[in-house]
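Enquirer: The structure is given below, and queries will be raised subsequently.
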Amino acid sequence: ADTSGNVVTAGTLTATGLTTLNGGLTVNGGNLDMNGNVDISGNLVVNGTVTTLDTTNTTIKDLLIELGTGVTGTPGNDAGIVIERGSAANAFIGYDESADKFIVGTGTFTGASTKMKMTLLQTVLHT
């Protein structure tokens, strides 16, 4: 059925087949669950404090990845990549702000850590 104007649904709205929305879709509260593939043409903006990707393999076309966007003033936290290793010590490749050096090491930190306390495996670059 073609509908012009507003449609308000209390409860569940199920759409089968190709559904086209011209304008926008707003979900206030609750979740928006999608089953199957979702194709997005344009930019995807995600606002929040945690973004979780649950994928087996992730490929990124960009040649540069920026960590710490928006940091101002003197940086106070380490930045880099944390590799979770199960029951073994996690690994870190990144920049140690307190040492002012790029380092590689292992420890009990996670991706939520801001200061890496680790067994230093190698200082990659002296500044």
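The values are calculated or read from the model by the stated rules, or taken from the named source; none is laboratory data. Nothing here was measured: the structure is a model prediction, and the numbers come from that model. Every residue, glycine as well, gets a Cβ built from its backbone with ideal geometry; the counts of neighbours run over all protein chains shown. The accessibility values were calculated without ligands, DNA or RNA, using every heavy atom of the protein model including side chains. Shrake-Rupley method; radii C 1.70, N 1.55, O 1.52, S 1.80 Å.
Enquirer: Going by the structure shown, is Asp33 acidic (Asp, Glu), farther than 20 Å from Asp96 by Cα and under 18 Å from the mean Cα position of the chain (by Cα)?
Expert: Numbers: acidic (Asp, Glu): yes; farther than 20 Å from Asp96 by Cα: yes; under 18 Å from the mean Cα position of the chain (by Cα): no.
Spelling it out, it is not the case that Asp33 is acidic (Asp, Glu), farther than 20 Å from Asp96 by Cα and under 18 Å from the mean Cα position of the chain (by Cα).
Enquirer: Across the stretch 1-20, which residue is farthest from Thr55 (Cα to Cα) among those that are of a type in the set (S, T, N, Q) and open to solvent by 100 Å² or more (accessible area, probe 1.4 Å)?
Expert: Initially, the stretch 1-20 is screened for residues of a type in the set (S, T, N, Q), giving 3-4, 6, 9, 12, 14, 16, 19-20.
From what is left, the residues that are open to solvent by 100 Å² or more (accessible area, probe 1.4 Å) are 4, 6, 12, 14, 16.
Details: Ser4: 39, Asn6: 37, Thr12: 29, Thr14: 27, Thr16: 27 Å.
Applying the filter and picking the extreme gives Ser4.
Enquirer: What residue, among those in the stretch 77-93 that are part of a loop (DSSP other than H, G, I, E, B) and in contact (Cβ under 8 Å) with a residue 24 or more places away in the chain, is surrounded by the most Cβ atoms within 10 Å (Cβ to Cβ)? Spell out how you get there, then give the answer.
Expert: Here is the first cut: in the stretch 77-93, the residues part of a loop (DSSP other than H, G, I, E, B) are 77-78, 84-89.
Remaining after also requiring in contact (Cβ under 8 Å) with a residue 24 or more places away in the chain: 77-78, 84, 89.
Numbers: Asn77: 13, Asp78: 22, Glu84: 9, Ala89: 14.
Among those that are part of a loop (DSSP other than H, G, I, E, B) and in contact (Cβ under 8 Å) with a residue 24 or more places away in the chain, it is Asp78.
Enquirer: Has the stretch 99-118 got at least one residue that is farther than 30 Å from Asn37 by Cα, over 17 Å from the mean Cα position of the chain (by Cα) and free of Cβ contacts under 8 Å to residues at least 12 places away in the same chain? Walk me through it before giving the result.
Expert: Just the residues of the stretch 99-118 that are farther than 30 Å from Asn37 by Cα, to begin with: 99-110, 113-118.
Filter again for over 17 Å from the mean Cα position of the chain (by Cα), leaving 99-109, 115-118.
Checking the rest, the ones that are also free of Cβ contacts under 8 Å to residues at least 12 places away in the same chain come to 117.
Yes: one or more hits.
Enquirer: Considering only residues that are closer than 30 Å to Leu21 by Cα and open to solvent by less than 100 Å² (accessible area, probe 1.4 Å), which ones fall in the stretch 45-73? Working first, answer last.
Expert: So the first thing to find is which residues in the stretch 45-73 are closer than 30 Å to Leu21 by Cα, and the list is 45-55, 58-61.
Result: Val46, Gly48, Thr51, Thr55, Thr58.
Enquirer: Within the stretch 74-91, can you find the residues that are touching a Ser or Thr at 6+ places or on another chain (Cβ under 7 Å) and at pLDDT 90 or above?
Expert: Val82, Ala89, Asn90, Ala91
Enquirer: Mind listing just one residue for me: the one in the stretch 101-127 that is of a type in the set (Ser, Thr, Tyr), under 13 Å from Ala91 (Cβ atoms) and open to solvent by 60 Å² or more (accessible area, probe 1.4 Å) and, of those, modelled with the lowest pLDDT?
Expert: Once the filter is applied, the top-ranked residue is Thr119.
Enquirer: In the list Gly23, Gly42, Gly36, Gly30, which residue meets the criterion of being small (Gly, Ala, Ser), exposed (fewer than 10 other Cβ atoms within 10 Å of the Cβ) and within 20 Å of Thr55 (Cβ to Cβ)? Outline the logic, then answer.
Expert: Working: Gly23 fails: within 20 Å of Thr55 (Cβ to Cβ); Gly42 fails: within 20 Å of Thr55 (Cβ to Cβ); Gly30 fails: within 20 Å of Thr55 (Cβ to Cβ).
Result of the check over Gly23, Gly42, Gly36, Gly30: Gly36.
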